[in-house]
């Protein structure tokens, strides 16, 4: 994880706008603009939480998968003549 | 005249292109699909071009709502692909595209299974040329695997069709279902081409090895022909719901850690196919509409993404995420077009993916598949993560790779622009797409609930991406391959074969050794008794002969008197 990105001031500003938008989207739930369609999504912020958690789980599991499935780039070619 | 089957127009175009100079070939690649599309547009729904061979009734041109939709789609794909490939001067690729697109059209318009089989196999053989045209050993091997798997799928289809005929049934291509063994065989045949789990690696393998223009055509036809076939033969087959759900979920894990960006798109394509297969499995009018509408949109936005990655490969010669980055500076237009494709596949409201995927999701909920719906929702977040963000981010942004290039040729930009316009157009005005769907369900995707829910999912997926990046948790792009189901036929079986073969050789050697030892031992004994100095073959003296005769006669005399 050596190349941890270091955002410049422009990107930082953009990120703050983005965070505000995210917060605004959750507020819409509390305003009652979204209606529940099943037994789960009546929870305030259901989609926000689900989206965030899903992606973190996806990335963490995928990264862990590398330990099992990752091989050198020429793994197959070495044996295919 | 308008009832000329589209495949025939493409095949004739292909034959002319095969013997024409480059400029004529280039014109034909756009002109032929355009003319054929015009004819199709003016053809009434109905059955044309029936034929009879002995007692077998076949039908070359069946135009109903379902086949017409895919007919339009394949024509759009052929025109866009043709424009994208205008700069190509490779006769092999240019000619094979006519036969590939033509056979895909022939397949969706085939009225019976044997005709479908014929086009199924022509599509396989003509499309492999787009992989081999890369002219590397890697592409050759990849194409060979692709061809074997595709042809095998066709064989299963043929066996299934013959079994149906043998059972006294008809081979008319209508609902098939899984009540008979033949039905299962044909389902497996369709499933292989639709990249069902464990049969999916031909896609990620070949599409990543094909030429930049080739993968654009490949992404349009083969799998969508299979989706069409499933939608016609197996609507409402519950098994497909679970297969589809699995297809949406497992490839996204691979997509996150895959380095080759076209292979990422391959995994992402399986994920999209999953939504379609799931819709077909649910089988209600809304779900089927969603499945085929999503196939329609997928050809366009996935084509756009393959085109943008093809442009990157064409201009830089590189496609691995680990070697790219920062290209937005030299390719701003391509970057923008790629982002439109990414927004479409991620199903952002106002982009095409939203208006079709939401139908499948709504259908899953209304039919009570709550668990399946949760997985689809997970996959929706995941697809944004790997196709929506990862593809543009690692190619055009991320760390600056130092590569300085220019925008791709104008024809490539034009093709991508047309696709991007379609993505936005369909997203903003879905009524035109809905009008040509098989059923009229009165569905409308834009209400506050759906828009807010989808936007929340996507924004918080993006938030997760940003958070993981800033924390340094996001896995870096690494030069590597990841083991998948192909491991069995690319490594385990070949290596297993070597082990078995060596074991057999050793076994045979051991048996030979034992047999030889036994033989030598027997020969030794024989030689010992019957050899030149053996006891049985030595010469005897006359004196001892006389002695033994005397002994015998004396013994006889003795017994005679006793």
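The values are calculated or read from the model by the stated rules, or taken from the named source; none is laboratory data. As the structure is a prediction and not an experimental result, all values here were calculated from the model. Note that we place each Cβ from the backbone using ideal geometry, even for glycine, and neighbour counts take in every protein chain shown.
Just one of (1) within 14 Å of chain A (Cβ to nearest Cβ); (2) over 18 Å from residue B:458 (Cβ atoms); (3) surrounded by fewer than 23 Cβ atoms within 10 Å (Cβ to Cβ) fails for residue B:375. It is (2). Within segment B:347-379, the set of residues being under 26 Å from residue B:263 (Cα atoms) and either outside the structural domain of residue B:457 (by TED's automatic domain parsing) or not in a helix (DSSP H, G or I) (or both) comprises B:347, B:348, B:351.
Taking the stated definitions as given, is residue A:70 more than 20 Å from residue B:384 (Cβ to Cβ), surrounded by 12 or more Cβ atoms within 10 Å (Cβ to Cβ) and within 8 Å of chain B (Cβ to nearest Cβ)? When the stated conditions are applied, residue A:70 passes them. All conditions in (1) in a helix (DSSP H, G or I); (2) over 24 Å from residue B:368 (Cα atoms); (3) more than 7 Å from chain B (Cβ to nearest Cβ) hold for residue A:62, with the sole exception of (3).
Here's the yes/no breakdown for (1) free of Cβ contacts under 8 Å to residues at least 60 places away in the same chain; (2) surrounded by 14 or more Cβ atoms within 10 Å (Cβ to Cβ):
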{"residue": "B:7", "(1), (2)": "no, yes"}
{"residue": "B:10", "(1), (2)": "no, yes"}
{"residue": "B:17", "(1), (2)": "no, yes"}
{"residue": "B:21", "(1), (2)": "yes, no"}
{"residue": "B:25", "(1), (2)": "no, yes"}
{"residue": "B:28", "(1), (2)": "no, yes"}
{"residue": "B:33", "(1), (2)": "no, yes"}
{"residue": "B:44", "(1), (2)": "yes, no"}
{"residue": "B:50", "(1), (2)": "no, no"}
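In the set (1) within 15 Å of residue B:14 (Cα to Cα); (2) out of contact with any helix residue (DSSP H, G or I) (no Cβ under 7 Å at 6 or more places or on another chain), the condition left unmet by residue B:165 is number (1).
Quick check on this structure: which one of B:311, B:295, B:363 is crowded, with 24+ Cβ neighbours inside 10 Å and more than 27 Å from residue B:101 (Cα to Cα)?
On the way: B:311 fails: more than 27 Å from residue B:101 (Cα to Cα); B:295 fails: more than 27 Å from residue B:101 (Cα to Cα).
Matching residue, one of B:311, B:295, B:363: B:363.
When segment A:1-45 is filtered for residues that are out of contact with any helix residue (DSSP H, G or I) (no Cβ under 7 Å at 6 or more places or on another chain), facing another protein chain (nearest Cβ under 8 Å) and in a helix (DSSP H, G or I), the ones remaining, listed by number, are A:18, A:19, A:29.
For residue A:54, the stated conditions do not hold, so it cannot be described as more than 20 Å from residue B:370 (Cβ to Cβ), surrounded by 14 or more Cβ atoms within 10 Å (Cβ to Cβ) and without any contact (Cβ under 8 Å) to a residue 40 or more places away in the chain.
Can you pull out the helices (runs of 4 or more DSSP H) entirely within segment B:90-166 that have at least 2 residues that are free of Cβ contacts under 8 Å to residues at least 24 places away in the same chain, more than 14 Å from every other protein chain (Cβ to nearest Cβ) and out of contact with any strand residue (DSSP E or B) (no Cβ under 8 Å at 6 or more places or on another chain)?
Working: elements: B:91-109, B:113-132, B:137-166.
Here the list reads B:113-132, B:137-166.
Is it true that some residue in segment B:466-478 is at pLDDT below 90, within 14 Å of chain A (Cβ to nearest Cβ), on the phi < 0 side of the Ramachandran plot and in contact with a strand residue (DSSP E or B) (Cβ under 8 Å, 6 or more places away or on another chain)? There is at least one residue in segment B:466-478 that is at pLDDT below 90, within 14 Å of chain A (Cβ to nearest Cβ), on the phi < 0 side of the Ramachandran plot and in contact with a strand residue (DSSP E or B) (Cβ under 8 Å, 6 or more places away or on another chain). Of the listed requirements (1) in a helix (DSSP H, G or I); (2) touching a residue at least 40 places away in the same chain (Cβ under 8 Å), residue B:39 misses just one: (2). Against the test of being at positive phi and either at pLDDT below 95 or outside the structural domain of residue B:299 (by TED's automatic domain parsing) (or both), the options B:321, B:382, B:325 yield a single qualifying residue, B:325.
Out of curiosity, is residue B:287 within 17 Å of residue B:227 (Cβ to Cβ), over 21 Å from the mean Cα position of the chain (by Cα) and in a helix (DSSP H, G or I)? Lay out the reasoning, then the answer.
On the way: within 17 Å of residue B:227 (Cβ to Cβ): yes; over 21 Å from the mean Cα position of the chain (by Cα): yes; in a helix (DSSP H, G or I): yes.
Judged against the criteria, residue B:287 is a match.
Between B:487, B:521, the distinction of being surrounded by 10 or more Cβ atoms within 10 Å (Cβ to Cβ), over 30 Å from residue A:15 (Cα atoms) and within 11 Å of another protein chain (Cβ to nearest Cβ) belongs to B:487 only. When the criteria are applied in full, residue A:52 fails the requirement of being more than 7 Å from chain B (Cβ to nearest Cβ), out of contact with any strand residue (DSSP E or B) (no Cβ under 6 Å at 6 or more places or on another chain) and outside any loop (DSSP other than H, G, I, E, B).
If you go through segment B:524-551 and pick out every residue that is surrounded by fewer than 10 Cβ atoms within 10 Å (Cβ to Cβ) and part of a helix (DSSP H, G or I), you end up with 3.
The single condition among (1) more than 14 Å from chain A (Cβ to nearest Cβ); (2) within 23 Å of the chain's Cα centre (by Cα); (3) crowded, with 24+ Cβ neighbours inside 10 Å that residue B:346 does not satisfy is (1). In segment B:437-460, is there at least one residue being under 27 Å from the mean Cα position of the chain (by Cα) and assigned by TED's automatic domain parsing to the domain that holds residue B:322? So far as segment B:437-460 goes, yes, one or more of its residues are under 27 Å from the mean Cα position of the chain (by Cα) and assigned by TED's automatic domain parsing to the domain that holds residue B:322.
Within segment B:495-502, identify whether any single residue is touching a residue at least 12 places away in the same chain (Cβ under 8 Å), on the phi < 0 side of the Ramachandran plot and part of a helix (DSSP H, G or I), and answer yes or no. Even if it seems obvious, please write down each step before you answer.
Narrowing segment B:495-502 to residues touching a residue at least 12 places away in the same chain (Cβ under 8 Å): none.
Checked against the condition, which is being touching a residue at least 12 places away in the same chain (Cβ under 8 Å), on the phi < 0 side of the Ramachandran plot and part of a helix (DSSP H, G or I), segment B:495-502 yields no hits at all.
Which one of these is part of a helix (DSSP H, G or I) and surrounded by fewer than 24 Cβ atoms within 10 Å (Cβ to Cβ): B:228, B:207, B:242? Working first, answer last.
On the way: B:228 fails: surrounded by fewer than 24 Cβ atoms within 10 Å (Cβ to Cβ); B:207 fails: surrounded by fewer than 24 Cβ atoms within 10 Å (Cβ to Cβ).
Unique residue meeting the criteria: B:242.
Taking the conditions (1) within 27 Å of residue A:65 (Cβ to Cβ); (2) under 30 Å from the mean Cα position of the chain (by Cα); (3) free of Cβ contacts under 8 Å to residues at least 12 places away in the same chain in turn, residue B:473 satisfies each one other than (2).
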